[in-house]
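The values are calculated or read from the model by the stated rules, or taken from the named source; none is laboratory data. Everything numeric in this text was worked out from a predicted model, so none of it was measured. Counting neighbours? That spans all protein chains shown, and the Cβs are built from the backbone with ideal geometry, glycine included. Ligands, DNA and RNA are stripped out before the accessible areas are found, and what is left, the full protein with its side chains, is counted by its heavy atoms. Shrake-Rupley method; radii C 1.70, N 1.55, O 1.52, S 1.80 Å.
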Amino acid sequence: MNDDSGQLEMWCAGEDWCPITTTANLVGKKWHPVIVHRLLENGPLGFNALKEEVDGISSKVLSDSLGDLEQKRLVNRDIVSEKPVRVEYSLTQIGKSLQPVIFAMRDWGAEYLAPTEDKNSSVA
């Protein structure tokens, strides 16, 4: 899907918090901001290259996440070659427009979050 035109639909209306909630819904899943960040940093990537950039994600979760991000019009899926089939993922214009949000998340985390020694630990 290469539809970069227009705006995305909010799922609530009339409240000042709706844009925040809808944006959080778009990028709030565990791997979505990381995938968007890697595509912002590296540009278009094939599936395996993107999987290498997103340490710890399974192929199924990456595939599902990319499908969700594509459906939400944040990521493009382009077939680069037919034989063998090679697919490349890139950000749509709407996806690229998330750069200040994603970089603000990165910068905030770098300033306020301390690394943990337990790799299985989680803030949430």
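Checked against the criterion of being touching a strand residue (DSSP E or B) at 6+ places or on another chain (Cβ under 9 Å) and among the polar types (S, T, N, Q), the candidates ASN76, ASN42 yield just one match: ASN76. Of the residues making up the stretch 17-54, those that are over 16 Å from ARG86 (Cβ atoms), part of a helix (DSSP H, G or I), open to solvent by 60 Å² or more (accessible area, probe 1.4 Å) and out of contact with any helix residue (DSSP H, G or I) (no Cβ under 7 Å at 6 or more places or on another chain) are PRO19, ILE20, ASN25, GLU41.
Just one residue in the set GLU70, GLU111, GLU117 is of a type in the set (Asp, Glu) and under 19 Å from the mean Cα position of the chain (by Cα); that residue is GLU70.
It is to be established whether one or more residues within the stretch 109-123 are under 30 Å from GLN7 (Cβ atoms) and either touching a residue at least 12 places away in the same chain (Cβ under 8 Å) or open to solvent by 40 Å² or more (accessible area, probe 1.4 Å) (or both). No: the stretch 109-123 contains no residue that is under 30 Å from GLN7 (Cβ atoms) and either touching a residue at least 12 places away in the same chain (Cβ under 8 Å) or open to solvent by 40 Å² or more (accessible area, probe 1.4 Å) (or both). Just so you know, in the stretch 68-82 the residues that are out of contact with any Lys or Arg (no Cβ under 8 Å at 6 or more places or on another chain) and in a helix (DSSP H, G or I) include one that is most open to solvent (accessible area, probe 1.4 Å), and it is GLN71. Only one of the listed residues (ILE57, ILE102) is open to solvent by less than 40 Å² (accessible area, probe 1.4 Å) and in a loop (DSSP other than H, G, I, E, B). That residue is ILE57.
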